[in-house]
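The block underneath contains the structure these notes are about, expressed in structure tokens.
The values are calculated or read from the model by the stated rules, or taken from the named source; none is laboratory data. Keep in mind the model is a prediction, meaning the values are calculated, not measured. Every residue, glycine among them, receives a Cβ derived from its backbone with ideal geometry; neighbour counts consider all protein chains shown. Side chains are part of the model used for accessible areas, which takes the heavy atoms of the whole protein and leaves out ligands, DNA and RNA. Shrake-Rupley method; radii C 1.70, N 1.55, O 1.52, S 1.80 Å.
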Amino acid sequence: MAATEHELRLRDTRSAQPQLDPRMLAVRPGDPANAIELRNVSRTYDTSKAGLNEASFAVRRGEFVFLVGQTGSGKSTLMRLLIKELEPDSGSILVAGRDIGELRRKQIPFYRRNLGVVFQDFKLLPNRTVHDNVAYALQVTGMGRREIRSKVPDILRLTGLATKLHHYPDQLSGGEQQRVAIARAFVNHPPLLLADEPTGNLDPETSIGIMQLLYRINRTGTTVLVATHDADMVDRMRRRVIELERGRIIRDELAGRYAPSDVSTAEFGALLSEPAPAPQRAPDPADDFDQAFVD
Amino acid sequence: MRLGFCIREALRSLRRNAVPSFAALASVLVTLLVLGVFIPIVQATTGAANDVRGKVLVNVYLQDDATPADVTRVRAALVADPQVRSVEFVSKEAALRRESEQNPDAYKLLGGTNPLPDTLRVTPKNPDNVLALVTKLAPTQGDGGVTGADPAIESVRSSKDDTEKILTATKVVKYTTGLLALLLIVASILLISNTVRLSVFARRREVQVMKLVGATDGFIRWPFVLEGILLGAMGATLAVLLLGVIKVALIDPLVSDFALLAAPQTIGFGMLVGVLFLAGVVVSACGSALSLRRFLNV
């Protein structure tokens, strides 16, 4: 594991590559350099509540993207489309250059193993300990017990939960539960991590810790998409911002703010220099997605 | 497959969901117990009813002057009849002996005379056909006409009223117990599968999370099904043990006193136990698998 720390640092310096404007790359057949690509995706609900309306955008591999907008603007719909809990009415969604609409029902679990998902309500298994919650994500892939036993404590140490291994979720604070969820999402080293309001239930102090964790995961090369209401956080981090309103994309800025008129209060960078646990990645982060399409 | 994993998961969820598990176990226990008591009762009742029906007889009385040759002829004709199961010959003397044993005073008055005719006792194949058989064999019809029956037959009797009563009563008993048994079985299946559904429903969120993490349907289903099997087996074991206690403590000492308990047609205890055990396990396993199916479509 000592080598991984070193590797991490290397990766951190490499991730400072210049970012390309994703909109210029959007209309090409399945560019594998795009972690996510939406092409005119629409999805409406029966109850006339806003879903998505002709949304198109692309996210390059390794990007950190905020998805902002009011309640009902379509953020959650977008997330649910990406994890294939919903199907789009029209348009196509490409992940790592492959159309996920082509996935057959049997392939969906294998596709999901390449996604890390984090939710506002944590979605932990209530009758399993912290250790077993994280281990479950490895068990579903058919990993052996010995390997699981060595991997889980590692990832939990990196998310700062080494002492809570045998606690149950209801014995933890909200922030700790969210850390468990992130550990579970990242334990398979997915190329893409989706977070739907990850700080929605947490106080600002705890939120910073969670955002730090997500940011560090991003720096290992994982593409991170965060849907959030947290204006403060978005303004501090100054990453790419995609704003939705009633299902339409109304703004897509690199290094954007939560709202166009907002003034940045402080730089987030200072916070990142604090000693925070560093998550790890497998040596080659690319293309586990392709396995999901194997018959 | 990963049998060890399935077993560990099933045991974990039994331990962590003690209350719903206990509810499912209890419902299996109670229904199997009731079925275990009821099935032999139904069988004994039907057996008894069949017994009574088997006793329906047709008496064919021969002419007073019937010769042994006549007897043989009539007997052969009766045995050849497709509706007849067996024929028993009771001679004048045998009849007198039997009657005077039952009613010695009345027959003493008769002195040495014997008013009883030779009789052929006919047991019909199907008790429902008794009346038809009587009409066929009787030498004179109700309207005074004459049938082609043997001239040596004096008259044919079957206590008509009694026969009809017995036939109706036993039919009612059979159908009622059959219906009750059917209702009870349906109710048992519904009760068990409903309880299992409830405990699965209580964990639908858990299933949803498992799906999100990328678990395949089989990976989620088999521990659940195994859990159902374990619950069913435990409930059935308890029920069988209780039935065993009931049998040894209550039934066995009484068998010699009550014909109904000793009725030969009832199911053997081993067989009963096997059937109940299998039913408990299968119903709860299927209940788990079927109720889980709804939540797997995420």
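Just the accessible area for A:R219, please: 1.4 Å probe, Å², rounded to the nearest 10?
Looks like 60 Å² after rounding.
May I ask for the angle, rounded to the nearest 10°, between helix B:160-201 and the longest principal axis of chain B, with both axes built from Cα atoms and the value confined to 0 to 90°?
0 degrees
So if R0 is 51 Å, what FRET efficiency would B:T67 and B:A23 give, r being the distance between their Cβ atoms, rounded to the nearest 0.05? Before the final figure, lay out each step's value.
On the way: r = 78 Å, r/R0 = 1.53.
With R0 = 51 Å, the Cβ-Cβ based efficiency is 0.05.
Indicate the gyration tensor shape class of the stretch A:95-247 (rounded, prolate or oblate), computed on the Cα atoms with a ≥ b ≥ c the square roots of the eigenvalues: a/c under 1.5 is rounded; otherwise a/b larger than b/c is prolate and the rest oblate. Walk me through the numbers before you get to the answer.
Working: a/c = 1.79, a/b = 1.11, b/c = 1.61.
In terms of gyration-tensor shape, oblate.
Pull up the cross-link candidates among the lysines for B:K136, meaning alpha carbon to alpha carbon under 26 Å and not fewer than 8 places away within one chain.
B:K55, B:K92, B:K125, B:K160, B:K165, B:K171
Can you tell me which lysines have their Cα less than 20 Å from the Cα of A:K123? Leave out same-chain residues fewer than eight positions away.
Partners found: A:K75, A:K84, A:K164, B:K211.
Once the Cα atoms of helix B:204-213 and of chain B are each reduced to a long axis, what angle between those two axes, in degrees from 0 to 90 to the nearest 10, is obtained?
Here the helix axis deviates by roughly 50 degrees.
Would you mind giving the total buried accessible surface between chains B and A, with a 1.4 Å probe and ligands, DNA and RNA left out, rounded to the nearest 100 Å²?
Working: alone 17500 and 14230 Å², together 29470 Å².
Chains B and A together bury roughly 2300 Å² of accessible area.
In what order, largest first, do A:H131, A:H167 sit by accessible area if the probe radius is 1.4 Å? Could the numbers behind the result be given before it?
Details: A:H131 30, A:H167 60 Å².
Of A:H131, A:H167, the descending order of accessible area is A:H167, A:H131.
Kindly report, to the nearest 10 Å², the accessible surface of A:D31 as traced by a 1.4 Å probe over protein heavy atoms only.
20 Å²
About the Cα centre, and with charges only on the beta carbon of Lys, Arg (+1) and Asp, Glu (-1), how big is the dipole of chain B? Nearest 20 debye, please.
On the way: 31 positive and 24 negative charges, 508 e Å.
In debye, rounded to 20, chain B gives about 2440.
If I ignore ligands, DNA and RNA and count only protein heavy atoms, how much of A:D170 is accessible to a 1.4 Å probe, in Å² to the nearest 10?
So the heavy atoms of A:D170 present about 130 Å² to solvent.
Starting from the Cα coordinates of the stretch A:125-201, work out the convex hull volume and express it per residue in Å³. Before the final figure, lay out each step's value.
Working: hull volume 7.2 nm³, N = 77.
Here the figure is 93 Å³ per residue.
Just which residues of the stretch B:213-244 lose 20 Å² or more accessible area with every protein chain there, against their chain alone, with the probe set to 1.4 Å?
Listed by number, the residues meeting the 20 Å² cut-off are B:V213, B:G214, B:A215, B:T216, B:D217, B:F219.
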